[in-house]
Amino acid sequence: MRVIVTGSSGLIGSAAVRHWDALGDEVIGIDNDMRATFFGPDGSTRWNQSRLEQETNHFRTVSLDIRDRDGILDLFKNETPDLIIHCAAQPSHDKAADIPFLDFEVNANGTLNLLEATRQFAPDAVFCHMSTNKVYGDAPNELPLDELETRWEYASKDDYHGISESCRIDQTMHSLFGASKTAADVLAQEYGKYFGLKTGVFRGGCLTGASHSGVELHGFLSYLVHVAVAKKPYTIFGYKGKQVRDQIECSDVVKAFEAFSKNPRPGEVYNIGGGRENAASVLECIAMIEEIGGYKIDFKLGEDNRKGDHICYISDLRKLRRDYPDWDIRVSLQEILSQMIASEEQKLSASV
């Protein structure tokens, strides 16, 4: 089987590369290190690309921009895939406001190029699209909340499992990133529902793992662990640090892709995150990092929250678990943090 992975040097993309390479499949990665363009040298994923190429057996990287329509069409024509894992994106909620054209061209137009290439040259392939919970904008903030000592919590027991796929995606503040990803999300659905392609849309919560190149504007947990180990100051943006996120380790995301690829449901949408069991506030994550690694973080509370940011977001995983009962969360939040701390310590010692 031939698998094309976009954003192959990034967090989810690299996990997908390792997964299908280990199965003996031919894996072609599309990655031109746009993260360095978005976030500067600290956001570069070249280190991860080099490591992947050294540690895999059936993988190679093509330095191709997904905005390059002719390049994408030629690749799909000449090396027709059986499975596409689309993870390439401009991923920052905040950065998009500074680069609106680039953000939309990568997230929306790039996705359209990939979908159309699939329709023209690989109509029987399965297409897994990595979307985001930002397609819901700030609609999740309309749920009634209780303020507890260290977190915000849903006030109604009916909301205990979190945000479901029925949450509306329009008439909310998304951020420009959320808007461009919504365009891509709906396109992927449409290519499934209208054209019958085997597309699946996965709306991610906080996706994380030890291979994440987190920066201040993207990759909250990875960046938090980095500042803890490097003994740097940290600013929490609004909501008293009680905003809640559900964290999912990248390998658990890839397992969901695999489950979908074996039994695709064209045009279907799934929320995917850590769920209730892997949900924690910023303050709670800071406390866990201190407990697990012994690092006390020098943080301050900023008064202003990020525009359109979620106050309490937990992914309702019941639909995904219903359709794919063999899938579930395997990596706990405590395990995620332990792995990330160890990885960050290794990077720091290597740089000394």
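The values are calculated or read from the model by the stated rules, or taken from the named source; none is laboratory data. Just so it is clear, the structure is predicted and the values come from calculations on it, not from any experiment. Positions of Cβ are generated from backbone atoms using ideal geometry, with glycine treated the same way; all protein chains shown enter the neighbour counts.
Points to keep in mind about this one:
- The set of residues in region 60-93 being of a type outside the set (S, T, Y), touching a strand residue (DSSP E or B) at 6+ places or on another chain (Cβ under 8 Å) and in a loop (DSSP other than H, G, I, E, B) consists of L64, I66, E79, P81, D82, C87, A88, A89, P91, H93.
- Which numbered condition P81 fails, given (1) surrounded by fewer than 20 Cβ atoms within 10 Å (Cβ to Cβ); (2) farther than 29 Å from G137 by Cβ: (1)
- Cβ-Cβ under 7 Å pairs, at least 6 apart or on other chains, region 219-242 side closer than 14 Å to K347 by Cα, far side charged (D, E, K, R) and surrounded by fewer than 21 Cβ atoms within 10 Å (Cβ to Cβ): Y223/E216; V229/E345
To keep it simple, each residue is scored yes or no on (1) among the aliphatic types (A, V, I, L, M); (2) on the phi < 0 side of the Ramachandran plot; (3) in contact with a Cys (Cβ under 8 Å, 6 or more places away or on another chain).
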{"position": "G137", "(1), (2), (3)": "no, no, no"}
{"position": "P140", "(1), (2), (3)": "no, yes, yes"}
{"position": "L143", "(1), (2), (3)": "yes, yes, yes"}
{"position": "E153", "(1), (2), (3)": "no, yes, yes"}
{"position": "Y160", "(1), (2), (3)": "no, yes, no"}
{"position": "I163", "(1), (2), (3)": "yes, yes, no"}
{"position": "D170", "(1), (2), (3)": "no, yes, no"}
{"position": "T182", "(1), (2), (3)": "no, yes, no"}
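- Filtered residues of region 1-22 (kept if in a loop (DSSP other than H, G, I, E, B) and under 22 Å from E105 (Cα atoms)): G7, S8, S9, G10
- Filter pass, S251 being in a helix (DSSP H, G or I), within 16 Å of the chain's Cα centre (by Cα), surrounded by fewer than 21 Cβ atoms within 10 Å (Cβ to Cβ) and not β-branched (V, I, T): yes
- In the condition set (1) more than 19 Å from H93 (Cβ to Cβ); (2) modelled with pLDDT of 95 or more, A210 is compliant with all but (2).
- Scanning region 23-58 for residues that are outside any helix (DSSP H, G or I), of a type outside the set (G, A, S) and either closer than 19 Å to K255 by Cα or under 21 Å from the mean Cα position of the chain (by Cα) (or both) yields L23, D25, E26, V27, I28, I30, D31, N32, D33, T45, T56.
- Within region 150-194, considering residues that are polar (S, T, N, Q) and either touching a residue at least 40 places away in the same chain (Cβ under 8 Å) or in a helix (DSSP H, G or I) (or both), the one surrounded by the most Cβ atoms within 10 Å (Cβ to Cβ): S180
- Residue within region 144-163 that is among the small types (G, A, S) and touching a helix residue (DSSP H, G or I) at 6+ places or on another chain (Cβ under 8 Å) present: yes
- Within the option set A256, A230, A279, being aliphatic (A, V, I, L, M), in contact with a Phe, Trp or Tyr (Cβ under 6 Å, 6 or more places away or on another chain) and either buried (at least 20 other Cβ atoms within 10 Å of the Cβ) or at pLDDT below 95 (or both) holds for one residue only, A256.
- Scanning region 91-124 for residues that are small (G, A, S), within 17 Å of K77 (Cβ to Cβ) and surrounded by fewer than 23 Cβ atoms within 10 Å (Cβ to Cβ) yields a single hit, A122.
- Looking across region 329-352, the residues that are surrounded by fewer than 14 Cβ atoms within 10 Å (Cβ to Cβ) and part of a loop (DSSP other than H, G, I, E, B) come down to R330, V352.
- Filter result for N107 (modelled with pLDDT of 90 or more, under 27 Å from D309 (Cα atoms) and part of a helix (DSSP H, G or I)): yes
- Residue check for N57: farther than 23 Å from L221 by Cα, of a type outside the set (D, E, K, R) and surrounded by fewer than 17 Cβ atoms within 10 Å (Cβ to Cβ): yes
- Taking (1) buried (at least 17 other Cβ atoms within 10 Å of the Cβ); (2) in contact (Cβ under 8 Å) with a residue 40 or more places away in the chain; (3) under 20 Å from E116 (Cα atoms); (4) of a type in the set (A, V, I, L, M, F, W, C) in turn, L52 satisfies each apart from (3).
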